[in-house]
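This report concerns only the one structure given below.
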Amino acid sequence: MTFNLFSSVLDPVKPSIDVPDQSKTIPLVDKPESVINVGDNITSLTETSLSIDCPVSGEPKPVVFWTKDGLPLNAEEGTFFIHTNGTLTIRGITSSGSGRYTCAAKNFAGKDSVSSEVTVVGT
């Protein structure tokens, strides 16, 4: 009889982005910093910061990446910061920050993605 100690640990599990069943639309927010879950939509004022949480699970641990309107985000610009837990932070958001932000999680077992609409208003 052969026993594989790692068989249950290494079984691949397709990535999953853990979001609430019901997404929310958050009206105009007048705070220096807002935090939402991916899948929620928000209207925010310019020159504020916004964080979008993207909790993922899967085996092996999925790689998380973000796009805006279908294009990869450049985290080196200084405006966008992708945390190790998958959260995206947008600092000093301007009107050009309006768009569809998509969190995607991928491993060799598959891929999952969820989007949020961000509308930025103000001068």
Mean accessible surface per residue for the chain, computed with a 1.4 Å probe while every protein chain stays in place, in Å²: 60
Nearest-20 debye value, the stretch 12-91 charge dipole, Cβ charges on Lys, Arg, Asp, Glu: 120
Could you name the lysines in cross-link range of LYS111, using Cα to Cα under 18 Å and dropping any fewer than eight places away on the same chain? LYS14, LYS61, LYS68
If you work out Rg and Dmax of the Cα atoms in Å from the coordinates, which of [x] 14.0, 45; [y] 21.6, 67; [z] 16.8, 71 do you get? [z]
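The values are calculated or read from the model by the stated rules, or taken from the named source; none is laboratory data. The structure displayed is predicted, hence computed values, not measured ones. Every residue, glycine among them, receives a Cβ derived from its backbone with ideal geometry; neighbour counts consider all protein chains shown. Accessible surface areas use protein heavy atoms only, side chains included; no ligands, DNA or RNA. Shrake-Rupley method; radii C 1.70, N 1.55, O 1.52, S 1.80 Å.
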